[in-house]
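Working notes, beginning with the structure itself.
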Amino acid sequence: MTLQDEVWWITLAGIGAVALGFLYVISQAGRQAEATQVQARAYAIRRWFFLGLIVLGVGVAAATLAPFPVPNQHAPSQAPQVVKVVGNQWAWRLSPGPIKAGVPVEFQVTSADVNHGFGIYDASGRLLAQTQAMPGITNRLVYTFPQPGKYRVLCLEYCGLAHHGMRVEFDVIGTTEGQS
Ligand SMILES: [Cu+2]
């Protein structure tokens, strides 16, 4: 089991323990209350309110996480395009080759020295996707560029004196270009 998997299971166990604690308190509170009709009604409202909150939370999470940008970090790559990325003080190195719009591209991001933040921006300066660039670890990020154009990579984590200069520009071409 990798370290990430261990942390994941420990986190799940912690969340489960907290949830069990809440369920226990809720069950005890219901037992001891002298439930008059008004109280019973208030509890019913509260139950439906919490149920609604849970449904809302799960719904919002599902809606905002799809498509989830982080692939399984240990499974083989599914993306038809792969770009290898190495960050170091203070530049980005991207493996050469055209990146096509409309086709998922997997960025395999690592660092040669310290932690960096790999952030992809469009021409108007809007952040599109990001992941950490960490020494000794390759983080995989999948993104599909909606349209051709110029895009930029900026460093999102302060990494030393010339952190602000750690940027590179790359082109994304249309799917019909670059085939000849
Ligand atoms: Cu950096």
Could you list all residues from the range 120-149 that are within 11 Å of the ligand (Cβ to nearest atom) and either surrounded by fewer than 19 Cβ atoms within 10 Å (Cβ to Cβ) or farther than 22 Å from Q73 by Cα (or both)? Q132
Of all the residues that make up the range 72-86, how many are more than 18 Å from the chain's Cα centre (by Cα), in contact (Cβ under 8 Å) with a residue 24 or more places away in the chain and part of a loop (DSSP other than H, G, I, E, B)? 1
R152 meets each of (1) within 16 Å of the ligand (Cβ to nearest atom); (2) surrounded by fewer than 18 Cβ atoms within 10 Å (Cβ to Cβ); (3) assigned to a loop (DSSP other than H, G, I, E, B) with one exception, condition (3)
Name every residue in the range 53-67 that is surrounded by 10 or more Cβ atoms within 10 Å (Cβ to Cβ) and at pLDDT below 85, in order of residue number. L65
Quick check on my filter: what residues within the range 137-149 are assigned to a loop (DSSP other than H, G, I, E, B), more than 13 Å from V70 (Cβ to Cβ) and of a type outside the set (A, V, I, L, M, F, W, C)? T144, P146, Q147, P148
If Q89 passes every condition in (1) in contact with a strand residue (DSSP E or B) (Cβ under 8 Å, 6 or more places away or on another chain); (2) within 16 Å of the ligand (Cβ to nearest atom) but one, which one does it miss? (1)
Restricting attention to the range 94-119, report how many residues are assigned to a strand (DSSP E or B) and within 14 Å of the ligand (Cβ to nearest atom). 7
Selection from the range 87-105 of residues that are among the small types (G, A, S), under 19 Å from A133 (Cα atoms) and either in contact with a Gly (Cβ under 9 Å, 6 or more places away or on another chain) or in contact (Cβ under 8 Å) with a residue 24 or more places away in the chain (or both): G87, A91
For D113, all conditions in the list (1) charged (D, E, K, R); (2) surrounded by 13 or more Cβ atoms within 10 Å (Cβ to Cβ); (3) within 21 Å of the chain's Cα centre (by Cα) hold save one; what is the number of the exception? (3)
Give me the pairs: first residue in the range 160-176 and more than 19 Å from Y121 (Cα to Cα), second residue more than 16 Å from the ligand (Cβ to nearest atom) and part of a strand (DSSP E or B), beta-carbon distance under 6 Å, and six or more apart or on different chains, which are they? T175/K100
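The values are calculated or read from the model by the stated rules, or taken from the named source; none is laboratory data. All figures in this text were calculated on a predicted structure; none of them were measured in a lab. Positions of Cβ are backbone-derived with ideal geometry, glycine not excepted, and every protein chain shown enters the neighbour counts.
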